[in-house]
Amino acid sequence: MKVVFYDTKPYDRIWFEPMLKDAGVEVRFYEYKLSPDTAAFAKGAAAICIFVNDECGANTIEALADAGVKVILLRCSGYNNVDLNAAASRNIPVLRVPTYSPAAVAEYAMGLVLAANRKIPRAYARARVGNFSINGFLGFDLEGRTAGVIGTGQIGRKFVKICKAFDMNVVAYDKYPDNTLGVEYTTLDDLFERSDIISLHCPLTKETRHVINADAISRMKDGVIIVNTSRGALVDTSALLDGLKSRKIGGAGLDVYEEEDRYFFEDFSNEVITDDELLQLLSIPNAILSSHQAFFTEDALRAIAEVTVGNLLDYRDDRELRNRVLSENTSHASNGSKIRF
Ligand code: NAD
């Protein structure tokens with residue numbers, strides 16, 4: 001069996017290469033992303049393996065099916081970039097890594113809260129050039145403040161724990177509340193009104209797209225800190241920029257960005273960035289942006305490789321596809337458990 005990897009970086013090979021070799025799977029690593037134009041390069045491979053910014057819409061899936069691809073492996077948990085209905089119509093299972101290291105992302109989200117609240121990146125930049133003034137760096141204690149957590153799945157619940165360790169009050173919103181979690185669930189509007197910091201941990205779906213929009217921001221406390229480590233399009237960037245400019249929003253920590261697929265994971269330091277909203281986010285002092293790296297720990301990369309290779313071997317050896325993602329039209333996973341979309 002042969003598998004083709006798209007959008008590969010050197011760190012992807014560290015764990016995947018030896019694991020695939022041990023499993024007797026031939027592998028080809030492409031640096032370019034999957035798109036309708038590059039799908040045909042999978043010819044001869046039964047499987048492809050893709051990441052968050054690969055484009056796997058209906059046209060791509062047609063081209064993959066024509067090239068003989070039988071299974072799509074996602075080396076990530078989110079699957080908003082795959083047209084699941086198109087894959088189902090060509091009988092191509094889509095297998096993902098439902099969870100790898102929730103701690104990696106939750107810890108990073110708290111890092112962004114701290115960095116945005118206490119202005120740590122700016123403080124470091126200032127100190128490096130010998131400017132030891134602390135003007136403009138005033139933050140607030142997290143202890144006793146309220147964290148609003150949207151999405152209390154694997155990552156969200158870890159983030160809840162971290163907030164509790166900071167002696168914060170926590171309110172949460174989830175489409176499928178888990179009443180065993182020991183957290184107060186509330187409506188989105190109430191969460192917006194009560195939270196001093198808001199962290200997003202739900203998937204990107206039609207329902208959650210722009211869950212942070214102008215109306216939501218208008219309901220929030222003055223000086224609120226918004227952190228997004230989930231998917232860029234959960235936040236309406238124009239509304240966020242307006243909120244940051246007016247200081248309604250005290251700080252934003254963004255590990256993901258609506259239009260990130262053009263820029264993230266690549267070096268543009270010698271280029272002119274033409275995305276005006278991205279330029280504004282980079283220049284506004286109370287916004288912190290990183291390049292979709294919340295998952296990026298050794299532990300997470302190893303776990304991603306283990307689960308992805310396991311998914312491939314399940315397919316090859318005709319075993320139950322435990323980590324199959326089904327289309328919106330289908331409500332049950334192959335093992336009978338309900339998929340929470
Ligand atoms: P999960 O499936 O365990 O949890 C998602 C939660 O969101 C579930 O509790 C679900 O019920 C809830 N949800 C679904 N629809 C909702 C809605 N309409 N409104 C509110 N809540 C809703 O997923 P997870 O492992 O916790 O990951 C969460 C998200 O984090 C992923 O979807 C992915 O986009 C993102 N992620 C980002 C990185 C990164 O490096 N930045 C890494 C991994 C995951």
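When segment 27-44 is filtered for residues that are buried (at least 17 other Cβ atoms within 10 Å of the Cβ), over 14 Å from Phe16 (Cβ atoms) and over 25 Å from the mean Cα position of the chain (by Cα), the ones remaining, listed by number, are Phe41, Ala42.
Out of all the residues in segment 187-217, which are assigned to a helix (DSSP H, G or I) and of a type in the set (D, E, K, R)?
Hits for segment 187-217 are Asp189, Asp190, Glu193, Arg194, Asp215.
Could you list, in sequence order, all residues of segment 85-117 that are hydrophobic (A, V, I, L, M, F, W, C) and either within 14 Å of the ligand (Cβ to nearest atom) or under 13 Å from the mean Cα position of the chain (by Cα) (or both)? Reasoning before the result, please.
Taking segment 85-117 first, the residues hydrophobic (A, V, I, L, M, F, W, C) are 86-88, 92, 94-95, 97, 103-106, 109-110, 112-116.
Correct list: Val97, Ala103, Ala104, Val105, Ala106, Ala109, Met110, Leu112.
Candidates are the residues of segment 211-224 that are out of contact with any Ser or Thr (no Cβ under 9 Å at 6 or more places or on another chain) and not polar (S, T, N, Q); the one that is surrounded by the fewest Cβ atoms within 10 Å (Cβ to Cβ) is Asp222.
Working only within segment 277-315, note down all residues that are part of a loop (DSSP other than H, G, I, E, B), touching a strand residue (DSSP E or B) at 6+ places or on another chain (Cβ under 8 Å) and within 14 Å of the ligand (Cβ to nearest atom).
Going residue by residue through segment 277-315, those that are part of a loop (DSSP other than H, G, I, E, B) are 284-286, 290-297.
If we keep only those that are touching a strand residue (DSSP E or B) at 6+ places or on another chain (Cβ under 8 Å) too, we end up with 286, 290.
If the condition is that a residue be part of a loop (DSSP other than H, G, I, E, B), touching a strand residue (DSSP E or B) at 6+ places or on another chain (Cβ under 8 Å) and within 14 Å of the ligand (Cβ to nearest atom), then Ser290 is the only one that fits.
Of the residues that sit in segment 168-189 and are among the charged types (D, E, K, R) and more than 11 Å from the ligand (Cβ to nearest atom), which one is surrounded by the fewest Cβ atoms within 10 Å (Cβ to Cβ)? Looking at residues that are among the charged types (D, E, K, R) and more than 11 Å from the ligand (Cβ to nearest atom), I get Asp189. All conditions in (1) open to solvent by 50 Å² or more (accessible area, probe 1.4 Å); (2) assigned to a helix (DSSP H, G or I) hold for Asn270, with the sole exception of (2).
Cβ-Cβ contacts under 6 Å between residues 6 or more apart (or on different chains), taken from a first residue in segment 295-318 that is among the basic types (Lys, Arg) to a second residue that is open to solvent by 10 Å² or more (accessible area, probe 1.4 Å), are listed as Arg302/Trp15; Arg316/Met1. Per the listing Arg126, Arg145, Arg118, Arg194, the residue uniquely in contact with an Asp or Glu (Cβ under 8 Å, 6 or more places away or on another chain) and at pLDDT 95 or above is Arg145.
On the stretch given as segment 17-43, residues that are part of a helix (DSSP H, G or I) and more than 19 Å from Arg302 (Cα to Cα) total 4.
Take Ser230 and decide whether it is assigned by TED's automatic domain parsing to the domain that holds Gln280, hydroxyl-bearing (Ser, Thr, Tyr) and closer than 17 Å to Ser290 by Cα. Don't jump to the end; show me each part of the working.
Values: assigned by TED's automatic domain parsing to the domain that holds Gln280: yes; hydroxyl-bearing (Ser, Thr, Tyr): yes; closer than 17 Å to Ser290 by Cα: yes.
Taking the combined requirement at face value, the residue satisfies it.
Test Ile14 against the stated conditions and say whether it is modelled with pLDDT under 95 and part of a helix (DSSP H, G or I). In short, yes.
Considering every residue within segment 274-288, establish whether at least one is surrounded by 21 or more Cβ atoms within 10 Å (Cβ to Cβ) and over 13 Å from the mean Cα position of the chain (by Cα).
Yes, some residue in segment 274-288 is surrounded by 21 or more Cβ atoms within 10 Å (Cβ to Cβ) and over 13 Å from the mean Cα position of the chain (by Cα).
Considering only segment 58-76, I want to know if a residue exists there that is within 16 Å of the ligand (Cβ to nearest atom) and acidic (Asp, Glu). Within segment 58-76, not a single residue is within 16 Å of the ligand (Cβ to nearest atom) and acidic (Asp, Glu). For Arg247, the criteria (1) among the charged types (D, E, K, R); (2) over 18 Å from Asn213 (Cβ atoms); (3) within 16 Å of the ligand (Cβ to nearest atom) hold in every case but one, which is (3).
The values are calculated or read from the model by the stated rules, or taken from the named source; none is laboratory data. In this text the structure is predicted, and so the values were computed from the model without any measurement. Using ideal geometry, Cβ is built from the backbone for each residue, glycine included, and neighbour counts are taken over all protein chains shown. We work out accessible area using only protein heavy atoms, side chains counted, and drop any ligands, DNA or RNA first. Shrake-Rupley method; radii C 1.70, N 1.55, O 1.52, S 1.80 Å.
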